[in-house]
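All remarks here apply to the structure that follows.
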Amino acid sequence: MPSRKSVRFEDLDDGIEDGVYGLKGMFNKLYAQATSYGKWARSHSKTALSWGLTLGWYFAITTILTAMPLMLELQREQAVLEMEKVQVKELLAQGYPPQELQRMGMTLEPSVLQGGNEKQR
(Lines give C-alpha, C1' and ligand atoms only; values in the text may rest on other atoms or scores of the structure.)
Protein backbone atom coordinates (compact mmCIF):
# COMPACT_ATOMS: atom_id res chain seq x y z
CA MET A 1 0.00 0.00 0.00
CA PRO A 2 1.14 3.55 -0.53
CA SER A 3 1.14 4.37 3.14
CA ARG A 4 1.07 2.02 6.09
CA LYS A 5 -1.11 4.09 8.39
CA SER A 6 -4.85 3.88 8.18
CA VAL A 7 -7.13 6.79 7.35
CA ARG A 8 -8.26 8.55 10.51
CA PHE A 9 -10.55 11.49 10.90
CA GLU A 10 -7.67 13.53 12.34
CA ASP A 11 -5.72 12.96 9.11
CA LEU A 12 -8.50 14.56 7.10
CA ASP A 13 -7.64 18.17 7.77
CA ASP A 14 -9.65 21.03 6.38
CA GLY A 15 -7.42 21.38 3.33
CA ILE A 16 -5.68 24.59 4.37
CA GLU A 17 -2.33 23.56 2.87
CA ASP A 18 -4.04 22.64 -0.43
CA GLY A 19 -5.73 25.99 -0.62
CA VAL A 20 -9.17 24.33 -0.40
CA TYR A 21 -11.09 24.83 2.82
CA GLY A 22 -13.86 23.00 4.64
CA LEU A 23 -15.51 19.77 3.66
CA LYS A 24 -14.42 20.09 0.06
CA GLY A 25 -10.77 19.99 1.13
CA MET A 26 -11.35 16.91 3.31
CA PHE A 27 -13.17 15.13 0.49
CA ASN A 28 -10.42 16.03 -1.99
CA LYS A 29 -7.81 14.50 0.31
CA LEU A 30 -9.98 11.42 0.91
CA TYR A 31 -10.50 11.06 -2.85
CA ALA A 32 -6.74 11.27 -3.45
CA GLN A 33 -6.07 8.57 -0.86
CA ALA A 34 -8.82 6.33 -2.30
CA THR A 35 -7.35 6.80 -5.77
CA SER A 36 -3.88 5.80 -4.57
CA TYR A 37 -5.33 2.70 -2.84
CA GLY A 38 -7.19 1.83 -6.05
CA LYS A 39 -3.97 2.09 -8.08
CA TRP A 40 -2.20 -0.11 -5.55
CA ALA A 41 -5.00 -2.69 -5.63
CA ARG A 42 -5.01 -2.71 -9.43
CA SER A 43 -1.27 -3.26 -9.71
CA HIS A 44 -1.25 -6.00 -7.08
CA SER A 45 -4.32 -7.74 -8.52
CA LYS A 46 -2.56 -7.93 -11.88
CA THR A 47 0.41 -9.55 -10.16
CA ALA A 48 -1.86 -12.00 -8.32
CA LEU A 49 -3.69 -12.83 -11.55
CA SER A 50 -0.38 -13.43 -13.29
CA TRP A 51 0.74 -15.81 -10.53
CA GLY A 52 -2.63 -17.57 -10.58
CA LEU A 53 -2.51 -18.09 -14.33
CA THR A 54 1.03 -19.40 -14.12
CA LEU A 55 0.13 -21.88 -11.38
CA GLY A 56 -2.97 -22.95 -13.30
CA TRP A 57 -0.87 -23.56 -16.40
CA TYR A 58 1.64 -25.65 -14.44
CA PHE A 59 -1.17 -27.70 -12.89
CA ALA A 60 -2.86 -28.31 -16.25
CA ILE A 61 0.34 -29.39 -17.99
CA THR A 62 1.33 -31.64 -15.09
CA THR A 63 -2.11 -33.25 -15.13
CA ILE A 64 -1.97 -33.82 -18.87
CA LEU A 65 1.51 -35.31 -18.72
CA THR A 66 0.89 -37.60 -15.73
CA ALA A 67 -2.81 -38.37 -15.33
CA MET A 68 -3.79 -38.81 -18.98
CA PRO A 69 -1.31 -41.63 -19.70
CA LEU A 70 -2.37 -43.29 -16.47
CA MET A 71 -6.06 -43.14 -17.44
CA LEU A 72 -5.31 -44.45 -20.92
CA GLU A 73 -3.31 -47.33 -19.48
CA LEU A 74 -6.15 -48.24 -17.10
CA GLN A 75 -8.61 -48.27 -20.01
CA ARG A 76 -6.28 -50.47 -22.04
CA GLU A 77 -5.85 -52.87 -19.13
CA GLN A 78 -9.62 -53.10 -18.68
CA ALA A 79 -10.01 -53.94 -22.38
CA VAL A 80 -7.35 -56.66 -22.11
CA LEU A 81 -9.12 -58.16 -19.08
CA GLU A 82 -12.42 -58.21 -20.96
CA MET A 83 -10.76 -59.94 -23.92
CA GLU A 84 -9.21 -62.49 -21.56
CA LYS A 85 -12.62 -63.20 -20.02
CA VAL A 86 -14.04 -63.87 -23.48
CA GLN A 87 -11.09 -66.13 -24.30
CA VAL A 88 -11.49 -68.06 -21.02
CA LYS A 89 -15.21 -68.59 -21.69
CA GLU A 90 -14.44 -69.89 -25.17
CA LEU A 91 -11.75 -72.28 -23.93
CA LEU A 92 -14.02 -73.54 -21.14
CA ALA A 93 -16.74 -74.10 -23.73
CA GLN A 94 -14.24 -76.11 -25.80
CA GLY A 95 -13.64 -78.40 -22.83
CA TYR A 96 -10.37 -77.16 -21.35
CA PRO A 97 -10.22 -77.72 -17.56
CA PRO A 98 -9.72 -74.63 -15.33
CA GLN A 99 -6.39 -75.99 -14.08
CA GLU A 100 -5.04 -76.03 -17.63
CA LEU A 101 -6.15 -72.44 -18.18
CA GLN A 102 -4.41 -71.38 -14.98
CA ARG A 103 -1.21 -73.05 -16.18
CA MET A 104 -1.54 -71.00 -19.38
CA GLY A 105 -1.40 -67.86 -17.20
CA MET A 106 -5.04 -66.86 -17.46
CA THR A 107 -6.92 -65.54 -14.47
CA LEU A 108 -10.15 -67.29 -13.64
CA GLU A 109 -12.82 -65.25 -11.94
CA PRO A 110 -15.82 -66.86 -10.27
CA SER A 111 -18.18 -65.17 -12.74
CA VAL A 112 -16.37 -66.85 -15.65
CA LEU A 113 -16.40 -70.27 -13.99
CA GLN A 114 -20.13 -70.02 -13.16
CA GLY A 115 -21.07 -69.07 -16.66
CA GLY A 116 -21.44 -65.33 -15.99
CA ASN A 117 -25.14 -65.54 -15.04
CA GLU A 118 -24.71 -64.32 -11.46
CA LYS A 119 -23.68 -60.80 -10.56
CA GLN A 120 -20.48 -60.27 -8.62
CA ARG A 121 -20.82 -58.79 -5.14
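Surface calculation, 1.4 Å probe, protein heavy atoms: Ser45 sits at approximately 60 Å² accessible. For Thr47, the solvent-accessible surface computed with a 1.4 Å probe is close to 70 Å², ligands and nucleic acids excluded.
Annotation for Gln102 and Glu82: the two label points, set 7 Å from Cα along the Cα-Cβ direction, are 2.8 nm apart. If R0 is 41 Å, the Cβ-Cβ spacing of Leu30 and Thr63 corresponds to a FRET efficiency of close to 0.30. With every protein chain in place and a 1.4 angstrom probe, the accessible-area ranking of Met83, Met68, largest first, reads Met83, Met68.
The values are calculated or read from the model by the stated rules, or taken from the named source; none is laboratory data. Values in this document were obtained by computation on a predicted structure and should not be read as measured data. When we count neighbours, we look across all protein chains shown, and the Cβ atoms used for this are built from the backbone with ideal geometry, even at glycine. Remember, those area values only see protein heavy atoms, side chains included, never the ligands or the DNA or RNA. Shrake-Rupley method; radii C 1.70, N 1.55, O 1.52, S 1.80 Å.
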